[in-house]
Every structure is written in structure tokens, then in C-alpha cells.
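Worksheet: one structure, shown below.
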Amino acid sequence: MSATRQVKFYQVGSHAAGNRLLAPELRSDQADPGRSNALTSGHRACQGCGEALGARYVLDAAQRASGGKVIAVNATGCLEVFSTPYPETSWQLPWLHSLFGNAPAVAAGVAAALRAKGLTDVRVVGQGGDGGTVDIGLGCLSGMFERNDDVLYVCYDNEAYMNTGVQRSGATPPTARTATTQAVGTEPGAPFGQGKSLPLIAMAHEIPYVATATVAGLRDLEAKVHRAMQLRGARYLHVLVPCPLGWGTASCDTVRIARLAEQSGLFPVFEARDGEVTDVTPIRRRVPVEDYLRPQKRYAHLFEPEPRTDVIARLQRAADRNIARFGLLAQDQAREEVSS
């Protein structure tokens, strides 16, 4: 069963839909004027920062799902740096900063302390970027999964170490240019065959809940947070959050780029329970990977001075493999592609 509740939109033929005609119970958490604004204005994120957007969506939904009883534990990274320049803070909930690599362990400790005090209605959310999650904090996160600690851990994936100068992380995709994977040589950018899929690693632990989402799908993201907060034990949410600085995109295009990642098949959006995929978000309008790559300067070397059609084709095969693996095409669209 999909986490997202089906909603009938009223702007036929358009992907844009407001909430004005929806019943209050169908409106998004962000449409609620009484939302918690867990990450409020005044922080120092870059213009168009996908991570700031994702964190606000996630924590506002978590606050709503828990009746405002959430403690957030934050790894070192962009989110911590731009939100809490000492002695200021943009957080409007109990918030704890830990080291780069131990946020899952600290979050597990907070959950254990709450359990010991009998405060089982207070929920814990751990969060960090892809560097602190996929690389430096992987051991602590695996331990949290193995013990089935009662924590929802959220990775905001911008596919590199952005606040330290855009170095490659384990989540950096192949061919992307970073400060440590320069666009030089016969195979420029990040190499193929390296990196890891943290959602699949989390699924291998057979924890109660694993899901992926992007900042382009507000309702889907909020629904998955609500679903995760209904459960107990270790839960993992992986959110794609484009970074205009590191990806070389216009600040106004953050949501569009996230949507193209989903529609190209390069970022599959799905849910899993106890190690098994239970639902996927079908691609509404499939696009070639070139549509996703071309607006990003980190892939400019694939198009200039000569198009690297061989490399683009290899990335297209990776997207096609995701689409086949997760069944991302709606049945009618799959039939159209077969017949064409």
C-alpha cells in the first residue's frame, strides 16, 4: 500500500496543483499555517538549498505525526553548519549536534534514555548528509540498524561533501565532477563501479522501514515520514536534495532537478518493509538521462567540447536497470514503450 494518499487534483492536464480546493485532512503539512516550522527562517543555507527544504519538510511532518514530541540529533555537515552558527540557531525543536560520524549512536542513546525514563511518546530523529551517513557514520548506522534502535534516521543526500569544498562521497554518482574527481583524462569525473546505495544496505539489515524520496515530491515525502513515525524500531529515509553550489545548477531549479532525477530513473523512489520492496512511485513522464545531466555544470564535460555519447549511454543503461529492477514504469506507459 502506497504511503501517499491518493488526491484528486483540480488543474486537469497540469502537474501543478494547489491545496485551495482540498479538504483540510487532504492538505499537506506544509499547507497548514499552524505547522511547526522546525527549521525556521534566518539560517545561512545557500539560495535554493535542497537540504534546507528537505529538512524542514521532514521535521515538520515528524512533529505533526508525533504531536510535537520530537528530539533531533544532527551529524556534523552542511545542515548543522548553516543552521547553528554559535550562538544562534534556526531550530525550533529540541536539537542535539554530535560529531560527523556518530549521530546514529547518539540518537540511539537518546532513545534509550527516553525509554529508561518511561517517555515512550517522545520520538527521536537522527539526521545527516551523505558524507556523515554513507561514509563516516556507516558503522554507527549499521549498529543502530542491527540493534533495531527506535530511531528514524534521515540522510539528506546531495551527493558530495558540500560544506568542505565539494569533495566526492560514497554517494557521488559516476562521471560527476567534484573537487577530488576532476573532469580530466579519458574517464573524467567520478569513476564507474564505486560508491554505495545506502537504501539497499539498510534493506539488507531487514529493519522495519526503508524509503527513498526527493524534495520534488512533497506529499510523498511527508507521507513516508508519517508512515515511519507510526512504526517502532530502526527506520531509514533517504532524501535526494540537489545542491545548487556543488551541482552547478540555478537556485530556482532545485525542485525541477530533483524531479528529473526521479523521472529519468537515476534515483528510484520506493518503500521497503523488513527487507522487501513493498511499493514504488511510478515515473509519470519518463525522460532520457540527458535531460537530467545537461542542466548541471558538474556534468558539463559530457557535452563539451565534444558530446561523450558513450558515457551518456552508459548512464542511460544504469537508469534503465533501475527502472526494470524496481518496476518504475506504470503499466500503460511500459506498454507504450514496448509498442513504439
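The values are calculated or read from the model by the stated rules, or taken from the named source; none is laboratory data. Keep in mind the model is a prediction, meaning the values are calculated, not measured. Backbone-built Cβ (ideal geometry, glycine too); neighbour counts: all protein chains shown. With ligands, DNA and RNA removed, areas are computed over all heavy atoms of the protein, side chains included. Shrake-Rupley method; radii C 1.70, N 1.55, O 1.52, S 1.80 Å.
If you sort the three axes of the alpha carbon gyration tensor as a ≥ b ≥ c, you get a/c of 1.5 or more for the stretch 23-104 and a/b above b/c, which makes it prolate.
Distant-in-sequence amide contacts of residue 209, defined by a placed amide H-H separation under 5 Å and a gap of 5 or more residues or a different chain, comprise 236, 274. Amide H contacts of residue 73: 96, 125, 126, 127, each under 5 Å away and 5 or more positions distant or on a separate chain (H built 1.01 Å from N in the peptide plane; Pro and chain starts excluded). With the simple spin-label model, which puts each label point 7 Å out from Cα in the Cβ direction, the residue 330 to residue 180 separation comes to 4.2 nm.
Separation of the stretch 162-181 from the stretch 20-83 is 26 Å, based on Cα centroids.
Compute the FRET efficiency between residue 25 and residue 230 as 1/(1 + (r/R0)^6), taking r as their Cβ-Cβ distance and R0 = 22 Å, and round to the nearest 0.05. FRET efficiency, residue 25 to residue 230: 0.85. Between residue 115 and residue 142, the C-beta separation translates, for a Förster distance of 22 Å, into a calculated FRET efficiency of about 0.55. Scanning the chain for long hydrophobic helices, with DSSP H runs required to stretch 27 angstrom or more by C-alpha along their axis and to average at least -0.5 on the Kyte-Doolittle scale, returns nothing. Of the trypsin sites (Lys or Arg not before Pro) found in the stretch 210-288, those that fall in a DSSP loop while having at most 10 other beta-carbon atoms within 10 Å are 285. Accessible surface computed residue by residue for the chain, with neighbouring protein chains in place and a 1.4 Å probe, gives 46 Å² per residue.
Taken one residue at a time, the phi angles of the stretch 123-130 give Karplus couplings (6.51, -1.76, 1.60, θ = phi - 60°) of 9, 10, 10, x, 8, x, x, 5 Hz. Gly and Pro are set to x.
Rounded to the nearest whole Hz, the Karplus-based 3J(HN,Hα) values (6.51 cos²θ - 1.76 cosθ + 1.60, θ = phi - 60°) of the stretch 81-93 follow the sequence 5, 7, 9, 9, x, 3, x, 9, 8, 9, 8, 10, 7, with x at glycine and proline.
Of the GluC sites (Glu not before Pro) found in the stretch 196-290, not one falls in a DSSP loop while having at most 13 other beta-carbon atoms within 10 Å. May I ask you to derive the FRET efficiency for residue 192 and residue 44 from their Cβ-Cβ distance with R0 = 30 Å, giving the value to the nearest 0.05? Efficiency computed from Cβ-Cβ geometry: 0.25.
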